[in-house]
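Encoded as structure tokens, the structure appears first; notes follow it.
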Amino acid sequence: MGLGAVSLTSPRLRAAARQWDVVIIGAGLSGLRTALDLESQGLSVKVLEARNHVGGRLYTLDDVPGAPEAGGNVIGGFYARVQDTVTRLGERVAFHLNGKYVTADEWPDYRNNPFPTSLRAKMPWNFTLAALAPDNPLKDLDDRLLPAAHRYDEPLADTLKRAGISDAAIKLGVGENQVYGRSPTGVSTLHLYQLLT
């Protein structure tokens, strides 16, 4: 308590406090978005970040082979505010593939896009559900409990191969962007059909 009282009376801190209307701790997505919103309302904002990069948990380890993600790695369709902010700032969302950053607008025509023609525009993290959706046999959520549905309780890789999906597409769209299970052979097609219902 005494330290807090002393720090609040420090002339340096009092002078610094007058420079900004708001000080935000952390330059993650929430901190940066808050700063933009407050600045748009005419407030003077200072963002403090302990690390040497912004973005918080959205962080790619570019110095590690394969450039793995160190945290959140998807800005999908449910992140409309983030996508809007990226667009307003004149930036583009990209992902790392085979040593190159690929943007969403480049992806459909990207030469290393292994997806079939009908799915080439789907981002890798949207591939699995998009590939399964047209043939989903479940009409109601409880259909998964019917004996006839048990035949779909098979490895996702098997279902996709039978549909003519290449190993390269399965590896990228499922193996490297797996949300459920640990591999294309470790997640049930029935489970994913259920998610689509």
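The values are calculated or read from the model by the stated rules, or taken from the named source; none is laboratory data. Remember, predicted model here, so these are calculated numbers, not experimental data. Every residue, glycine among them, receives a Cβ derived from its backbone with ideal geometry; neighbour counts consider all protein chains shown. Just the protein is used for accessible areas: all its heavy atoms, side chains included, with ligands, DNA and RNA removed. Shrake-Rupley method; radii C 1.70, N 1.55, O 1.52, S 1.80 Å.
Annotations for the structure displayed:
- Residues satisfying the stated conditions in the range 35-77, i.e. outside any loop (DSSP other than H, G, I, E, B) and either at pLDDT below 90 or touching a strand residue (DSSP E or B) at 6+ places or on another chain (Cβ under 6 Å) (or both): A35, L38, E39, V45, K46, V47, L48, G55, L58, T60, E69, G72
- Looking at L160, L132, L138, just one residue is part of a loop (DSSP other than H, G, I, E, B) and open to solvent by less than 70 Å² (accessible area, probe 1.4 Å), and that residue is L138.
- Cβ pairs under 9 Å, 6+ apart, first in the range 38-49 and free of Cβ contacts under 8 Å to residues at least 60 places away in the same chain, second surrounded by 14 or more Cβ atoms within 10 Å (Cβ to Cβ) and among the polar types (S, T, N, Q): V45/T34; V47/T34
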